[in-house]
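Student: This is the structure I want to talk about, given as structure tokens.
The values are calculated or read from the model by the stated rules, or taken from the named source; none is laboratory data. Keep in mind the model is a prediction, meaning the values are calculated, not measured. So basically every Cβ, Gly included, is an ideal-geometry build from the backbone, and we count neighbours across all protein chains shown. Calculation scope for accessible area: heavy atoms of the full protein, side chains included, ligands and nucleic acids excluded. Shrake-Rupley method; radii C 1.70, N 1.55, O 1.52, S 1.80 Å.
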Amino acid sequence: MNMRKNIVAGNWKMNTTVPEGVQLAKDVVAKAAEVPAEVGLIVATPFTHLCAVAGVVEGTRVELSAQNCADKEKGAYTGEVSVDMIKSTGAGWTILGHSERRQYYGETDAKLVEKVKLALAAGLKVILCVGENLEEREAGKHFDVVKAQTENVLFNFTAEDMKNIVVAYEPVWAIGTGKTATAEQAEEIHACIRKVLAGKFGAQVADDTTILYGGSCKPSNARELFAQPDIDGGLIGGAALKADDFIGIALSF
Ligand code: 13P
């Protein structure tokens with residue numbers, strides 16, 4: 001029997017001002033009671049919003065995440081935000097390795113190893129994103145790309161560490177495009193990721209690891225995706241900016 005948790009996480013990306021974000025968090029908290037208690041709910045806000053949103057979600061079932069962290073502990077790194085800073089806001093999570101960071105900000109697997117190490121050491125849980133781009137999928141390399149990203153980062157960690165790591169499969173071609181992976185396309189990659197984890201950490205750890213799908217997930221397609229045996233929830237972009245849609249997705253298990 002697996003112990004893995006179903007989770008719906010909203011990645012707000014670079015959207016909302018602080019007051020707008022506070023209102024969105026309040027709306028999510030207000031509707032959260034509709035969602036079965038065993039489903040995890042996370043909002044991943046911009047750094048600037050963490051303290052204010054922490055005040056909104058404190059004492060509720062909604063958890064708080066950052067979207068990135070520095071690859072250094074502290075010091076002369078102007079403009080960077082450390083894991084201890086994130087932790088001190090009240091956030092319990094950070095997203096790492098989002099394709100937008102890999103694509104636009106030169107995030108490499110090697111850098112991600114450092115970031116995951118720092119995050120776990122600070123007591124933050126991690127949502128690690130992997131996923132192929134359109135060119136890689138069209139060339140039939142999607143399994144290889146996702147397998148390599150998973151191995152390059154997670155094979156530096158232990159079975160114990162995996163208790164604090166969630167994997168998110170986000171095909172780049174499906175992000176913000178309205179083009180969702182079919183449930184079958186997503187499931188076969190999720191099953192592949194779980195197999196990779198089983199090979200390294202054993203079947204139990206693999207079975208207990210939450211693997212989320214991300215990419216144009218919305219209330220109308222979430223049910224079919226979440227019905228797949230290896231899809232344990234979603235990492236939601238655009239649809240997480242409306243509390244009704246976000247909660248609608250969380251009601252799709
Ligand atoms: P969309 O849901 O807007 O496609 O974004 C997905 C995503 O990148 C979540 O991290």
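Student: Excluding ligands, DNA and RNA, what is the solvent-accessible area per residue of the stretch 21-162 at a probe of 1.4 Å, expressed in Å²?
Tutor: With all protein chains present, the stretch 21-162 gives 46 Å² per residue.
Student: What residues have an amide H closer than 5 Å to that of Asn68, excluding those fewer than 5 places away on the same chain, when H is modeled at 1.01 Å from N in the peptide plane?
Tutor: Amide H neighbours of Asn68: Ile95.
Student: Now for a different question. Read phi for every residue in the stretch 117-129 and hand back ³J(HN,Hα) as whole Hz from Karplus 6.51 cos²θ - 1.76 cosθ + 1.60, θ = phi - 60°, with x for Gly and Pro.
Tutor: 4, 5, 4, 5, 5, 7, x, 8, 8, 10, 9, 8, 8
Student: Turning to a different aspect of this structure: In debye, nearest 20: dipole of the chain around its Cα centre with unit charges on the Cβ of K, R (+) and D, E (-)?
Tutor: Computed charge dipole of the chain: roughly 340 debye.
Student: In addition: Enumerate the amide H contacts of Val166 below 5 Å, restricted to partners 5 or more residues apart or on another chain; note that Pro and chain-start residues carry no placed amide H.
Tutor: Counting only residues 5 or more places away or on other chains, the set is Val126, Ile127, Leu128.
Student: Looking at the stretch 121-173, what % of the alpha carbon pairs are farther apart than 19 Å?
Tutor: 33
Student: How large is log10 I(q)/I(0) at q = 0.12, 0.20 Å⁻¹ when the Debye formula is applied to the Cα atoms of the stretch 93-245, each weighted equally and without solvent?
Tutor: Log10 I(q)/I(0), no solvent term: -0.46, -1.35.
Student: Eigenvalues of the Cα gyration tensor times 5, then square-rooted: what semi-axes does that give for the stretch 1-125, in whole angstrom, largest first? Please list the in-between numbers first.
Tutor: Working: eigenvalues 121, 62, 37 Å².
Working through the eigenvalues yields semi-axes of 25, 18, 14 Å.
Student: Hey, another quick one. Would you work out which of Ser65, Val53, Ala76 lies farthest towards the positive end of the dipole of the stretch 37-105? Charges go on Cβ: Lys and Arg +1, Asp and Glu -1.
Tutor: Positive-most Cα among the choices belongs to Ala76.
Student: Enter the Cα centre distance for the pair the stretch 1-75 and the stretch 139-154, rounded to the nearest angstrom.
Tutor: Each part reduced to its Cα centre gives a spacing of 28 Å.
Student: If you don't mind, there's one more thing I want to ask. So, counting K/R as plus one and D/E as minus one, what does the shell of residues with Cβ under 13 Å around Ile211 add up to? Write out the running numbers ahead of the final one.
Tutor: On the way: positive: Arg4, Lys5, Arg194, Lys195; negative: Glu170, Glu187, Glu188, Asp207, Asp208, Asp230, Asp232.
My count for the surroundings of Ile211 gives -3.
Student: Just how large is the dipole of the stretch 147-253 about the Cα centre, in debye to the nearest 20, putting +1 at every Lys and Arg Cβ and -1 at every Asp and Glu Cβ?
Tutor: Using only the charged Cβ atoms, the result is roughly 180 debye.
Student: Which residue, Ile95, Ile175, Ile127, has the most motion in a Gaussian network model of the chain that connects Cα atoms within less than 10 Å?
Tutor: Among Ile95, Ile175, Ile127, the largest mean-square fluctuation in the Gaussian network model of the chain belongs to Ile175.
Student: Please list, or write none, the aspartates and glutamates whose alpha carbon is within less than 12 Å of the alpha carbon of Lys111, excluding same-chain residues fewer than 8 places away.
Tutor: In chain and number order, the partners are Asp71.
Student: Name the residue farthest towards the positive end of the dipole of the chain from the options Ile95, Gly214, Phe226, assuming +1 on Cβ of Lys and Arg, -1 on Cβ of Asp and Glu, about the Cα centre.
Tutor: My answer, from the dipole projection, is Ile95.
Student: Separate question: Quick one: grab Rg to one decimal and Dmax as a whole number for the stretch 26-73, Cα atoms only, in Å.
Tutor: Just the Cα atoms of the stretch 26-73 yield Rg and Dmax of 12.2, 40 Å.
Student: With +1 assigned to the C-beta of every Lys and Arg and -1 to the C-beta of every Asp and Glu, and no other charges, what is the dipole magnitude of the stretch 67-166 about the Cα centre in debye, to the nearest 20?
Tutor: 320
Student: Could you order peptides 147-154, 134-141, 52-59 by the average number of other Cβ atoms within 10 Å of their residues, highest first?
Tutor: Values: 147-154: 19.8, 134-141: 13.4, 52-59: 17.2.
Top to bottom by mean Cβ count within 10 Å: 147-154, 52-59, 134-141.
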